[in-house]
């Protein structure tokens, strides 16, 4: 049995029954908690098999928080929340040829574009985190499958960066990681 309770007002108060099974499809379960329901709450406690995990509720007034989901070294889906600045970038590639219309006249193009492709990539910042999360960021870097949650939809993304410089409180004081991702699809669907 899993209990999920928010404090101090208990606006989130759920109990979930877990069936005992040897089927791996039933053993691994993901629990999603909509924190927006925990109005005026400070934290949420999740208890399973006598182990309590506490989720601290952080209110971010300036930036939209994004959850990045990835498959960790144990094959389970793990989530990291990025709280700070996100910048998006569009990269367009195309080819062109010179048409036989001569000089541009009567709304005709002299150079005509074709085979246009576009991808969106973005940089996103973690916000100030504890160095205890270094292992989680390592698992993110090593993961083959990564998604970002946007409007409650998991969208596939790929990590663009190839290295991670570990930060420590002693050397960096406030630890903030910036990651570069790109959507794992083209903006213009070219698959027929």
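The table below gives the values:
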{"quantity": "Test: residue in the stretch 119-135 that is outside any helix (DSSP H, G or I), surrounded by fewer than 12 Cβ atoms within 10 Å (Cβ to Cβ), modelled with pLDDT of 90 or more and assigned by TED's automatic domain parsing to the domain that holds residue 99", "calculated": "no"}
{"quantity": "Residue in the stretch 34-44 that is surrounded by 10 or more Cβ atoms within 10 Å (Cβ to Cβ) and either in the same structural domain as residue 129 (by TED's automatic domain parsing) or within 18 Å of residue 150 (Cβ to Cβ) (or both) present", "calculated": "yes"}
{"quantity": "Any hit, the stretch 147-154, residues being farther than 16 Å from residue 182 by Cβ, assigned by TED's automatic domain parsing to the domain that holds residue 65 and over 13 Å from the mean Cα position of the chain (by Cα)", "calculated": "no"}
{"quantity": "Members of the stretch 156-173 that are touching a strand residue (DSSP E or B) at 6+ places or on another chain (Cβ under 9 Å) and either loosely packed, with under 13 Cβ neighbours inside 10 Å or at positive phi (or both)", "calculated": "156, 160, 161, 168, 169"}
{"quantity": "Some residue of the stretch 104-115 being in contact (Cβ under 8 Å) with a residue 24 or more places away in the chain and either part of a strand (DSSP E or B) or outside the structural domain of residue 34 (by TED's automatic domain parsing) (or both)", "calculated": "no"}
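The values are calculated or read from the model by the stated rules, or taken from the named source; none is laboratory data. Bear in mind that the values here come from a model prediction, so they are computed numbers and not experimental data. As a convention, Cβ positions derive from the backbone with ideal geometry for all residues, glycine included, and neighbour counts pool all protein chains shown.
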